[in-house]
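The values are calculated or read from the model by the stated rules, or taken from the named source; none is laboratory data. Just so it is clear, the model here is predicted, and its values are computed rather than measured. Don't worry about glycine lacking a Cβ; one is built from the backbone with ideal geometry, like all the others, and counts go over all protein chains shown. The accessibility values were calculated without ligands, DNA or RNA, using every heavy atom of the protein model including side chains. Shrake-Rupley method; radii C 1.70, N 1.55, O 1.52, S 1.80 Å.
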Amino acid sequence: MLVWHFPFYLVLLVVFVINRILVYRHKLAVVHHLPGPRYPLGPFTMLSLLLPSSSWNAGATLPLSNRPTLYTKYGLDTVAIVPWLFGNEMVITRSVDVGKQLLGFKNDWDKTPELVNALAMFGENLFSSYKDRWPRHRRIVAPGFNNKLYAQVWSESIRVYYDMLRSEDWASKSSFEISDVPGLTSKIALYLIASCGFGIPLTWTDTVGEKVRGMTLSQCFDVSANAVILQSVLPQWMWNLPLRHFKKVKEANLALESIVRRIIEKRRSEGPSPSAEANEKDVFSLLLNANDAEKDTKAALTDQELVSNVFLLMLAGHETTSRALGTTIALLACHPESQEKAHDEILRVTGGCRDPTYEDFDALPYTLGCFMEAMRIIPSVISIPRRAMTDTTLRIPEPDGSTSTMPVKQGTVFVTDFTNICFNPAYYTNPESYDPSRWLDPKLEQGINFSYGPRVCVGKKFAQTESLATLAMLMKDYKIQPVLEAGESLAEWRRRNIDDNIQPSIGVGPGKFTVRLVRRA
């Protein structure tokens, strides 16, 4: 009798392949066989997040890197990413209607563990809390953001602007080059966080805080922000390994925690000021005041939760705003006609004889549109995932204008794709073009780049105020010009310095680039 002997490893291989086929078919059924890209690994697996996005890997920047074809290839605004080897399925949408269902508060959706882990380096906070615990953090944090603060943000932006010109010796020059625009906008944002966030007004040549563990506050920000993805996917024990990069990230986090704790201790040791106004001079003071008012109640935050909230407010506010402001300057350099329209608007408002003030905010819609349009083209936040907490349904708009109801199983992840919402021609005519005037239309889809509903970004007006004040001063006094290489066109400069130069961290924007400022007559 002839007996076939199969090596054991071949048997295991056959079993593995059959298992993967069955699991893959189950994943397809979960997303109702929605068309979309198919990768070996799921978008939230450790390896996928650590490797760059490509034709075979979803990666952390999938919506950005695959923007031209992610949806148009399938003729749908909602598609499914289904891994055929390892990882979970995921549905991603560029529909505002679907996005609002996912991001609304009174619904069946909540944050994913991956997002919570990425934003909870020091513990639970406003950004990392699940839905049932979020109101507790919002109650303490929200009072710090009000019109009195925004007026201060505006005046501090003007002060920092003039201090920068004097300190860099630019005030006396008819033209000069800024060799690292993102570095400059990062410093502006950091100084405004120090002043309006912590009540520490600084001159342009000051270091923001003393060095702790050998690093300044700005250095800590850079290290922590660039390690967000790593910290969200790697287990905590790995950060104790004797690897240079891991040690640097750990030191940066410990330094940031130490800085924030020192500020808390200093404020508490000083006690309340006799002047009520002095107790409301910055976000941090208002946060402490609001928390002290809840003392001995369940709403009060622990010191560790205060540290975590302050850290994320600082890091997220600094990163997203500085990146968006840098993107705006880059795009304005490519569009001198937009600069002239903003300049004309600023002159009409100020009469050409004074600096714009916070009271002028609503009178500068085109100039604010320059910022909003830059955020549309390169959103500071690429996307936000949500997980179904129970079996539920979603209303999905169809290409023919009808709406279908999609059953969703508990645990399924849907992602609101801000990047592709912003390029969806259903909402924005000629989405590839930089057109600040589109924001003058009150019927324009305002986008959901700052999230939506009750959980809209608490720092939205802070970021808009800081950026509008800075841009208004800059375009009042200067023309922004690209520094072209020999024979280079504006389109080629944009591709080199913006489109092919995107650096993702907590905020997204172009990396280092150079512009020339020419003083207006």
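Under 5 Å between amide H atoms, partner at least 5 residues away or on a different chain: which partners does Phe176 have, H built in plane at 1.01 Å?
Leu517
Could you give the length gained on full extension between Arg495 and Ile200, defined as 0.36 nm per residue of separation minus the Cα-Cα distance, in nm?
Result for the pair: 102.3 nm of gain on full extension.
How much of the accessible area of region 418-510, in percent, comes from carbon and sulfur atoms when a 1.4 Å probe is used?
Roughly 49 percent, rounded to a whole number.
Near the amide H of Ile81, under 5 Å away, which other amide H atoms are found, from residues 5 or more places off or on another chain, if H is placed in the peptide plane?
For Ile81, the qualifying residues are Met90, Val91, Ile92.
Taking θ as phi - 60°, what are the ³J(HN,Hα) couplings along region 503-514 by the Karplus curve (6.51, -1.76, 1.60), each to the nearest whole Hz, with x for Gly and Pro?
Along region 503-514, the couplings run 10, x, 8, 5, x, 10, x, x, x, 3, 8, 10 Hz.
Could you state, as a whole-number percent, how many of the C-alpha pairs of region 304-393 are farther apart than 24 Å?
Above the 24 Å cut-off, region 304-393 has 44 percent of its Cα pairs.
May I ask what percent, to the nearest 5, of DSSP beta bridges between residues of the chain are antiparallel? All intermediate terms of the calculation are to be shown ahead of the outcome.
Values: 30 of 37 bridges.
Antiparallel bridges: around 80 percent, rounded to the nearest 5.
Apply the membrane-span-like helix rule to the chain: whole DSSP H runs, Cα extent along the own long axis of at least 20 Å, mean Kyte-Doolittle hydropathy at least 1.0. List the helices found.
8-30
Region 443-473 to region 105-155: how many Å between their Cα centroids?
Each part reduced to its Cα centre gives a spacing of 15 Å.
For Lys100, go through the lysines and keep the ones whose alpha-carbon is under 16 Å away, minus same-chain ones fewer than eight residues off.
Hits, sequence-local ones excluded: Lys111, Lys131.
Can you tell me the accessible area per residue over the chain, all protein chains present, probe 1.4 angstrom, in square angstrom? Walk me through the intermediate numbers first.
Working: 23740 Å² over 521 residues.
Per-residue accessible area for the chain comes out at 46 Å².
May I ask you to evaluate 6.51 cos²θ - 1.76 cosθ + 1.60, the Karplus curve with θ = phi - 60°, for each residue of region 45-60 and list the ³J(HN,Hα) values in order in whole Hz, giving x for glycine and proline?
6, 4, 5, 5, 6, 7, 8, x, 5, 7, 5, 10, 9, 5, x, 6
Just to verify a number: FRET efficiency for Phe16 and Val456, C-beta to C-beta distance, R0 = 60 Å, to 0.05? Before the final figure, lay out the partial values.
On the way: r = 46 Å, r/R0 = 0.77.
With a Förster radius of 60 Å, E is 0.85.
Stretched out fully, how many nm does the piece from Arg138 to Trp237 gain, at 0.36 nm a residue minus the Cα gap?
Between Arg138 and Trp237, full extension yields an extra 32.5 nm.
Which listed residue (Ser186, Ser129, Phe145) has the Cα farthest towards the positive end of the charge dipole for region 107-190, taking +1 on Lys and Arg C-beta and -1 on Asp and Glu C-beta about the Cα centre?
My answer, from the dipole projection, is Phe145.
Listed highest first by mean packing, meaning other Cβ atoms within 10 Å per residue, what order do 153-164, 288-299, 322-333 come in?
Values: 153-164: 19.8, 288-299: 13.3, 322-333: 26.7.
Peptide ranking by packing, descending: 322-333, 153-164, 288-299.
In region 113-210, carbon and sulfur make up what percent of the accessible area (probe 1.4 Å)?
Roughly 53 percent, rounded to a whole number.
With bins 20 Å wide starting at 0, give me the P(r) of the chain over every alpha carbon pair, in whole percents.
The calculated distribution, bin by bin, is 21, 53, 23, 3, 0, 0.
Checking the cross-link filter: which aspartates and glutamates have an alpha carbon closer than 15 Å to that of Lys479, excluding same-chain neighbours under 8 positions apart?
Glu177, Glu337, Glu340, Asp344, Glu345
I'd like the projected area of region 71-189, averaged over all directions, using the convex hull of its alpha carbons. Report it in nm² with one decimal.
For region 71-189, averaging the hull's shadow over all directions gives 13.8 nm².
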